[in-house]
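Here the structure is laid out as structure tokens; the discussion comes afterwards.
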Amino acid sequence: MKEEQNHEKAKRYGMVIDLDKCTGCGACMVACMAENNVPFKEDESKKLDSITWLRVYKLTNRKPFPDTEICYLPRPCQHCGGKGNHGHSPCVSVCPATATDYSKETGIVSQIYTRCFGCRYCMAACPYHARYFNWWDPVWPDGMEKYLSPNVSVRMRGIVEKCSFCFHRYQIAMDKAYYEGRGELEENEYQTACTQACPANAITFGDLNNPEHAVYELKKEKNAFRLLERLQTNPKVYYLSNREWVRRAGDNYLEKEKK
Amino acid sequence: MFPFCFEWIWDMSHMVFMGGLWYALTIIGLGMTYCIGKAFYDTYMDKGKDDHNH
Amino acid sequence: MDSALIPKGVKRCPTWQFALWIGAAGAVLLWGVFAMLLCWFKGLNQTNMNDSYGFALWIWADLAVIALGGGAFFTGFLRYIVGKDELKNIINYAVLIGFICYSSALLILAIDIGQPLRGWFIFWHANVHSMLTEVAFCLTCYFVVLTIEYVPLILENRQIDKVPFFHRLGHNMHEIMAVFAATGAFLSFFHQGSLGGVPGVLFGRPFAYREGIFIWPWTFFLYTWSAAACGPCFTILVTWITEKITKKKLVKQNVIELLAKISGWMIGTYIIAKIIDTLYWAKVTAPAAGFNLMDFYSNNPFYGIWILILEIVICGVVPALILITEKGRKNPVTLMTGIILAVLGACVNRWVMVLQVMAVPVLTFESWAMYYPSWQEVATTILPVAYGVILISLSYRYLPVFPQEQELNPEA
């Protein structure tokens, strides 16, 4: 992977999701699918081969009533920085055809649909199950093709896809910024579809390196955690929760480490 | 695979990996060229030689 | 009818019987080809793979046949580089079996990828950091080497040998076979190893991940070692099956025993390394990721601790002990038990390192994923077996595969 030309200070786009605010309504999932032309099946009951770039998990503290608690956890691609944050994400380092790449400019893990030949090694490598294979060619209900987003290419059968942090929105925003003679984006100029769709404002998106962006401080909160930090995948999606059992659910612990 | 592919960079990884590959391919290629070339020469150019010489 | 093609001094079954045999294997082959075409034309929705099981039966079959096909490179290494001359009596068959295994592996890979027409991207747009790239390159190169090793045998066919050019070509290739064998051993070391690297580097999957040296996880070395150890056992097993079907002794017992002895020591040393690797992983690597050993072997309907015991003790320690001891090798029953267990051991190891890796949940709020193959996956996995049977049958009938056959069956 070539070092990219870096005219500006490297950005590290990421998310902070407040799980105590998330109601599990699924608006983020719907917005994501509509924004990114994510295909669906006629029968979506079998979830193991459904494509959900952003998936909302339902977590429980496994306690009986009346102590039962529920938490909804939206899981986009974690855009891992990999060990040492050098861009050696679990998936990027294994892709044999350089079809997925780590942008040193934005910290976003891309997927090049026309390059992917469907070996699925990246899926095997991703512990978050954030990568999805197109088991079928997309079939849109009659007339729906007119509503597809022109900014995102539809994908064909036999390749892998995943959340791109709505990268096309970044490109559009950057085009506009260059046109206006700016090299930097304002925080609100580039926001993902899920962030904007969340009615509870649970999702905050921005440049984790930029002190002017909300995520910069949010990620430092004492209740912030990331999924599977012990694996050193270095995700760029942070979660917030005041509930300890939720934070503990973010990683695996040995018996002796439990409390 | 080739230096003119845009992914190619002249770093250690590429030199070791592709070096090993081209080294192996060269040996295989030269070996087969020798075998075929010699067989061709012995059969069609050097007709005086015994057909079953081993 | 085809007697002019059959090697001199050996007896083969009547043509009608051979045709029936090939017909039966051909029917199975066609079934597999039908399933293969379904996968190519309709896509991988024909399989039972899913987003939790991106790797499944095919990748296991791929890894297993490559491990078992390792008999070719290791026997070649012993014959041409180490100089174990007796092995010349089984090297042809080892090469043939290796050729079948590797061509099967390439075919399975061609079915397994979602966009087969883009298969060449792995070479053209190679990411040299990916273990799979190394696998693809070395596997393809080694397949070329195996073809080069198999061609001289084809050229020895009675009719082909009459053509002076082919006769000389075969002779020349024999002369420098050591060069090809050494190249093959070099390539095999890397592709067998990088196949081990495929699961070993997955630092997001604590069941598979292993530490290592430089860029290579320990599984890199364990895979090469186990392929060198168990591959020759597969050669012996197929030779034994061939002998049973043809009702003839084809290779002298001292040759079999020599190969079995070397295999025994290889399995013995391999299994010690494997036990050390397992202990280190169970005690250090996995706990660092928050996993106890038993987290990987409980709370699911299939992957119990039995599979670890089966792999390491029953199919590792036991065959090693049998094949190392002279008594074990001299007794045909224990010899074949050891051989079959060793072959099974390599297959179980590859199964675990592919399927169980996919099954184990990593996120705490996910559960075990189970999988069973579709008939299309089964058929395409049996396809190479039928193809192997046909190629072995044709080679046995028309080529001098076994140099000792005439001597061992003088009545023919």
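Observations
- Of all residues making up the stretch C:138-147, the number that are modelled with pLDDT of 90 or more and within 13 Å of chain A (Cβ to nearest Cβ): 1
- Only listed residue being exposed (fewer than 15 other Cβ atoms within 10 Å of the Cβ) and among the charged types (D, E, K, R), chosen from A:ARG75, A:ARG62: A:ARG62
- Test: A:TYR128 is in contact with a Lys or Arg (Cβ under 8 Å, 6 or more places away or on another chain), within 12 Å of another protein chain (Cβ to nearest Cβ), of a type outside the set (Asp, Glu) and surrounded by fewer than 17 Cβ atoms within 10 Å (Cβ to Cβ): no
- Check on A:VAL160, surrounded by fewer than 19 Cβ atoms within 10 Å (Cβ to Cβ) and either within 29 Å of A:GLY250 (Cα to Cα) or at pLDDT 95 or above (or both): no
- In summary, A:ASP67 fulfils each of the numbered conditions (1) free of Cβ contacts under 8 Å to residues at least 24 places away in the same chain; (2) over 21 Å from the mean Cα position of the chain (by Cα); (3) surrounded by fewer than 23 Cβ atoms within 10 Å (Cβ to Cβ); (4) within 12 Å of another protein chain (Cβ to nearest Cβ) with the single exception of condition (4).
- In the stretch C:308-367, the qualifying residues are those that are polar (S, T, N, Q) and in a helix (DSSP H, G or I), and the one that is farthest from C:THR224 (Cα to Cα) is C:THR334.
- Among the conditions (1) farther than 26 Å from C:PHE55 by Cα; (2) within 10 Å of another protein chain (Cβ to nearest Cβ), C:CYS233 misses just one, which is (2).
- Qualifying residue in the stretch C:60-76 (condition: surrounded by fewer than 24 Cβ atoms within 10 Å (Cβ to Cβ), within 14 Å of chain A (Cβ to nearest Cβ) and closer than 22 Å to C:VAL385 by Cβ): yes
- Scope the stretch A:38-60; condition away from every other protein chain (no Cβ under 11 Å) and more than 18 Å from the chain's Cα centre (by Cα); matching residues: A:PHE40, A:GLU42, A:ASP43, A:GLU44, A:SER45
- Look at (1) more than 10 Å from chain C (Cβ to nearest Cβ); (2) in contact with a Lys or Arg (Cβ under 8 Å, 6 or more places away or on another chain); (3) surrounded by fewer than 21 Cβ atoms within 10 Å (Cβ to Cβ); (4) assigned to a loop (DSSP other than H, G, I, E, B) and you find that A:ASP137 fails only one, number (1).
- The set of residues from the stretch C:228-273 being of a type in the set (D, E, K, R), part of a helix (DSSP H, G or I) and under 17 Å from C:ASN89 (Cα atoms) comprises C:GLU243, C:GLU257, C:LYS261.
- Complete set of residues in the stretch C:190-219 that are closer than 15 Å to B:TYR23 by Cα and surrounded by fewer than 21 Cβ atoms within 10 Å (Cβ to Cβ): none
- Scanning the stretch C:201-258 for residues being under 21 Å from C:ARG79 (Cβ atoms) and not basic (Lys, Arg) gives a total of 27.
- The helices (runs of 4 or more DSSP H) falling completely within the stretch C:116-202 that include 3 or more residues that are closer than 22 Å to C:PHE221 by Cα map to C:131-155, C:177-200.
- Count of the stretch A:72-112 residues, restricted to those that are outside any loop (DSSP other than H, G, I, E, B) and either farther than 16 Å from A:ALA125 by Cα or basic (Lys, Arg) (or both), is 7.
- Scanning the stretch A:206-259 for residues that are of a type in the set (A, V, I, L, M) and not in a loop (DSSP other than H, G, I, E, B) returns A:ALA214, A:VAL215, A:LEU218, A:ALA224, A:LEU231, A:VAL237, A:LEU240, A:VAL246.
- Pairs with Cβ under 9 Å, 6+ apart, first in the stretch A:113-125 and more than 7 Å from chain C (Cβ to nearest Cβ) and surrounded by fewer than 24 Cβ atoms within 10 Å (Cβ to Cβ), second assigned to a helix (DSSP H, G or I) and not polar (S, T, N, Q): A:THR114/C:ARG118
- Candidate set: the stretch A:13-71, residues that are in contact with a Ser or Thr (Cβ under 7 Å, 6 or more places away or on another chain) and assigned to a helix (DSSP H, G or I); chosen: the one farthest from A:PHE165 (Cα to Cα): A:LEU48
- Looking only at residues of the stretch C:1-59 that are surrounded by fewer than 17 Cβ atoms within 10 Å (Cβ to Cβ) and under 30 Å from A:ASP49 (Cβ atoms), we find that the one that is nearest to the chain's Cα centre (by Cα) is C:VAL33.
- Options C:ASP51, C:ASP62, C:ASP85; residue that is among the charged types (D, E, K, R) and in contact (Cβ under 8 Å) with a residue 12 or more places away in the chain: C:ASP62
- Residue match in the stretch C:84-95 (condition: away from chain A (no Cβ under 14 Å), outside any helix (DSSP H, G or I), surrounded by fewer than 24 Cβ atoms within 10 Å (Cβ to Cβ) and not polar (S, T, N, Q)): yes
The values are calculated or read from the model by the stated rules, or taken from the named source; none is laboratory data. This one's a predicted model, so the numbers in the text were calculated from it and none came from an experiment. Cβ atoms come from the backbone with ideal geometry, glycine included; neighbour counts cover every protein chain shown.
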